[in-house]
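Written below as structure tokens is the structure these notes are about.
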Amino acid sequence: MHLQIRDPRARELARKIALQCHASMTEVVVQALETEYRRVAAQQPLAERLDAIADELAVIAGPNGRDMKKNEIDAMWGHL
């Protein structure tokens with residue numbers, strides 16, 4: 001998938017920042033998008049953010065999760 005910046009103002013801003021930061025225009029655009037994503041995500045209520053994280057972890061865990069043993073929990077928290 002290609003992302004083309006057709007707006008001359010956006011392209012010029014990306015170019016200026018890239019020159020000042022000694023980075024590529026792609027790196028500058030990605031960093032700007034990540035910053036904006038964090039800003040927008042921070043506006044979402046905490047409960048909704050935690051629900052989204054729980055949903056993502058449930059997908060990663062899959063349907064065959066298992067209960068952790070006490071020694072595994074202790075090790076996870078650094079209590080060896």
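The values are calculated or read from the model by the stated rules, or taken from the named source; none is laboratory data. Everything quoted here is computed from the prediction, not taken from an experiment. For neighbour counting, all protein chains shown are included, and Cβ atoms are generated from backbone atoms with ideal geometry for every residue, glycine included.
Take the residues in the range 51-78 that are at pLDDT 90 or above, under 28 Å from Ala41 (Cβ atoms) and not aliphatic (A, V, I, L, M), then tell me which one is farthest from the chain's Cα centre (by Cα).
The extreme case among them is Trp77.
Can you name every residue in the range 63-78 that is surrounded by 10 or more Cβ atoms within 10 Å (Cβ to Cβ) and among the polar types (S, T, N, Q)?
Residue satisfying the conditions is Asn71 alone.
Name the residues in the range 21-43 that are under 14 Å from the mean Cα position of the chain (by Cα) and surrounded by 11 or more Cβ atoms within 10 Å (Cβ to Cβ), would you?
Matches in the range 21-43: Val30, Gln31, Ala32, Leu33, Ala41.
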